[in-house]
Amino acid sequence: MNQEDLKNLMGWLQAIYKEAQETRGATIEMRRNVQMIPDIRENSMHGSKDSGDTERILQDTKNHLETRMNKLEDMLRDISSHLKDIQSKVDHLK
């Protein structure tokens, strides 16, 4: 491996690390939102004065979680792509 190859490999590894950190942050946020679901369920079971609020909260939560899951799936695809690229570069260096 020459100096340029090492520099390229470090760049790829840094990109993967950044993607992994973003994925971890998104996962933590999703868990926080999932933890809100029991409160929402409890409020709806006790009969909210305005059932429209409960429906809106449930729909907003559902939409938010779906958006976050889509973003996580995109990040995981990006990480997988980076890993495949690194693997091909490493195989090329062998």
Subject >> Simple label model, 7 Å out from Cα along Cβ direction - GLN14 to ARG68, nm >> reply: 3.0 nm
Original post:
Translational D (Stokes-Einstein, µm²/s) of the stretch 53-94 at 4 °C and 1.567 mPa s when Rh comes from the Kirkwood sum over C-alpha pairs?
Top reply: 103 µm²/s
Original post:
Which of the pairs LYS62/LYS89; LYS18/LYS62; LYS18/LYS89 have their Cα atoms more than 31 Å apart in this structure?
Top reply: LYS62/LYS89
Original post:
Which whole-number value in Å³ per residue fits the convex hull of the alpha carbons of the stretch 1-44?
Top reply: 38 Å³
Original post:
When the Debye formula is applied to the Cα atoms of the chain, each taken as the same point scatterer, what base-10 log of I(q)/I(0) results at q = 0.18, 0.20 Å⁻¹?
Top reply: -0.84, -0.93
Original post:
Is any residue of the stretch 21-41 close enough, with backbone N under 20 Å, to a label point placed 7 angstrom from the Cα of LEU58 along the Cα-Cβ axis, and if so, which?
Top reply: 33-41
Original post:
Taking neighbour counts of Cβ atoms within 10 Å as a proxy for exposure, in what order, fewest first, do THR27, THR67, THR54 appear?
Top reply: THR67, THR27, THR54
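Rule-based calculations on the coordinates, nothing more; no lab input. These numbers were taken from a predicted model, which means no experiment stands behind them. Reconstructed Cβ throughout: ideal geometry from the backbone, glycine too, with neighbour counts over all protein chains shown.
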